[in-house]
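**Q** Have a look at this one before I ask anything.
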Amino acid sequence: MDKVHWIHDARVVTPSGEFLADIQVDEGKILDIRPLGNTGGVPQENPPARAPLVRSRNLDAGDGGSIDAKGMLVFPGGVDPHVHLNLPTPAGHSSDDFFSGSRAALAGGTTTLIDFVTPRKGQLLPDALRERQQEAAPALNSCYFHVSPIEWRDGLPDEIRACMERGVRSYKVYMAYKESIGLDDDSLLKVMRAVGGAGGLLTVHCEMGDEIERLRTTLHESGHSSVSAHPRSRPPHTESDAVKKAIKMAGQAGCPLYVVHVSAAASVQHIRDARKGGQDVMGEACPHHLLLDMSLYQDDFDAASAYVMSPPLRGEQDRQALWQGLADGTLQAVGTDHCPFMMAQKARGRDDFRKIANGVGGVEHRAALLYTYGVLSGRISLSRFVDLFAGQPARIFGLYPQKGSLEKGADADLLIWDPAYRGRISAATHRQHCDHNIYEGMEVSGRPLCVIHDGRLLVDNRPA
Ligand code: URP
Ligand code: ZN
């Protein structure tokens, strides 16, 4: 592994602004940031002596390995707060495991992932956490977890406290999928009280599970079994009603709430209203909901089934509301909900949309999509991009300032971004372990020149 000691002429972008600097790295930490010239940073009279510039792709440890970042932007390494690697489902495991998924994340500039611990029925949460941590050992970047209570029992508050002692601050519950991991209202309220009481944060998959189950059955029984039945079985109100309900219950329980994968305009408004009323409610958007349209479900099975995820893709008004929510602070983070499946797993539902593997990939493309379609399209500022991509997810989930920041003493997780790159996303070139890509053919501007994790150069796209 190649240790990095200096990054020179970096245009450092933080949630509060930009400045030119030399960055010194040592022992996996940011040792110093030395602003250069009068560019918004603190002017410095004696710029640092330059370590020798090493252009080789193999920066040997101890040689003063330096990277010339002139013309590049430097961001904190990305923090993706929502991924499902190697997730067991009735259609088989999601196709990226911790090794391949973390490699794809790094290729796209994400150095920290937050995945989920989903226990088996009856399994104690700390035991499930230990198992999942072992499963994640092959990851090449930093991996953390949200722990999912899938049922209520009287000992659950103690289990949550035990997880808190092991550093887990965030928990995840599902209002959908009631036949397997979803909670009924009574259990949900109890879990909210337990998490709030322990000083934790509850992330919630907000969809009205019972209503969706009824719609799915009715659609199937009346002969609507193609992919286009999927969005019909999960219309926008089945999400926004659940968001409204979760906000009300979290308020009663005194529990901070983070709504995952917000997709509908009405949900954004509920979150905005709750925040205005002073409640601790946050929301997350996903690139697929920000960029792709529900008309994709009208295509033939092989094309359309690739886009089956929950909640489903929506329409133009919803996308506009999501972008607006990201820009005005109603929504705090962008996570990918990375949960890819192979086409053969999708094909399991060829005759019954309810059996199509549920989830899509995207961990590799979060930075490029958000930069191209957010920053360059004028929807969000560059500073807001850094906040949504790294700073806020790290803060919300208790990882800041070690992750998601470029402060002295933070972990040396950095993304050196080449804004001049132009390319297209394709399954032919992506690193995700998946035989298709939902963003196939989409143009992107910018890509990682280098990605550094823990002071080590793990991605190097510099010309040889
Ligand atoms: O469709 C999705 N989102 N699959 C992953 C599991 C979940 O619901 O988050
Ligand atoms: Zn998810």
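Every number here is computed from the coordinates shown, using simple stated rules; none is lab data. Keep in mind the model is a prediction, meaning the values are calculated, not measured. Backbone-built Cβ (ideal geometry, glycine too); neighbour counts: all protein chains shown.
**Q** What are the ³J(HN,Hα) couplings of region 187-196, residue after residue, when phi is run through the Karplus curve with 6.51, -1.76, 1.60 and θ = phi - 60°? Round to Hz, x for glycine and proline.
**A** 5, 4, 5, 5, 5, 4, 5, 5, 5, x
**Q** Counting only other residues whose beta carbon sits under 14 Å from that of ALA410, what net charge do I get with K and R as +1, D and E as -1?
**A** Around ALA410, the charge tally is -3.
**Q** Would you calculate the separation in nanometres between label points at GLN134 and ASN461, each defined as 7 Å from the Cα along the Cα-to-beta-carbon direction?
**A** My value for the distance between the label points is 3.8 nm.
**Q** Determine which residues of region 404-421 fall in the zone a paramagnetic label at ASP26 would reach in this model, i.e. backbone nitrogen under 20 Å from the point 7 Å along Cα→Cβ.
**A** 406-414
**Q** Would you kindly derive the ³J(HN,Hα) couplings of region 429-443 from the backbone phi angles with the Karplus curve 6.51 cos²θ - 1.76 cosθ + 1.60 (θ = phi - 60°), listing them in order in whole Hz, with x for Gly and Pro?
**A** Going residue by residue, I get 10, 6, 9, 4, 8, 6, 8, 8, 9, 5, 9, 3, x, 6, 6 Hz, with x marking Gly and Pro.
**Q** From the backbone phi of region 15-21, what are the Karplus-calculated ³J(HN,Hα) couplings (6.51 cos²θ - 1.76 cosθ + 1.60, θ = phi - 60°) in whole Hz, Gly and Pro given as x?
**A** Working through the residues one at a time gives x, 10, x, 10, 7, 7, 7 Hz.
**Q** Another one. Calculate the spin-label point distance for TYR421 paired with SER295, positioning each point 7 Å from the Cα along the beta-carbon direction, and give it in nanometres.
**A** 3.1 nm
**Q** Still on this model: Under 17 Å from a label point 7 Å along Cα→Cβ of ASP351: give me every residue in region 214-240 with its amide N that close.
**A** In region 214-240, the label zone of ASP351 (backbone N under 17 Å from the point 7 Å along Cα→Cβ) covers 220-227.
**Q** Place the peptides 415-424, 307-316 in order of packing, highest mean first, counting for every residue the other Cβ atoms within 10 Å and averaging per peptide.
**A** So the order, starting with the most tightly packed, is 307-316, 415-424.
**Q** Of all DSSP beta bridges in the chain, what percent run antiparallel (nearest 5)?
**A** 50 percent
**Q** Return the long-range amide H neighbours of LEU36 (sequence gap of 5 or more, or a different chain), with a cut-off of under 5 Å between placed amide H atoms.
**A** LEU20, ALA21, ASP22
**Q** Kirkwood Rh, region 244-373, all Cα pairs: how many Å?
**A** 15.7 Å
**Q** While we're here: When only Cα pairs under 8 Å and 6 or more residues apart are kept, what is the percent relative contact order across region 134-209?
**A** Relative CO of region 134-209 lands at 35 percent.
**Q** Which value in Å is the Kirkwood Rh of the chain over different Cα pairs?
**A** Every distinct Cα pair counted, the radius reaches 22.6 Å.
**Q** For a protection proxy built on the mean count of beta-carbon atoms within 10 angstrom, sort 130-137, 371-378, 231-238 highest first, please.
**A** With the highest mean Cβ count within 10 Å placed first, the list reads 231-238, 371-378, 130-137.
**Q** Under a point spin-label approximation (7 Å from Cα along Cα-to-Cβ), what is the GLN279-SER381 distance to one decimal in nm?
**A** Going from the GLN279 label point to the SER381 one covers 2.9 nm.
**Q** What ranking do 174-181, 241-248 get when scored by the average of other Cβ atoms within 10 Å per residue, highest first?
**A** 241-248, 174-181
**Q** Amide H of VAL459: which non-local residues (sequence gap of 5 or more, or other chain) have their own amide H closer than 5 Å, using H built in the peptide plane?
**A** VAL451
**Q** Given R₀ = 22 Å, FRET efficiency for ARG120-ARG153 by Cβ-Cβ distance, to 0.05?
**A** FRET efficiency, ARG120 to ARG153: 0.95.
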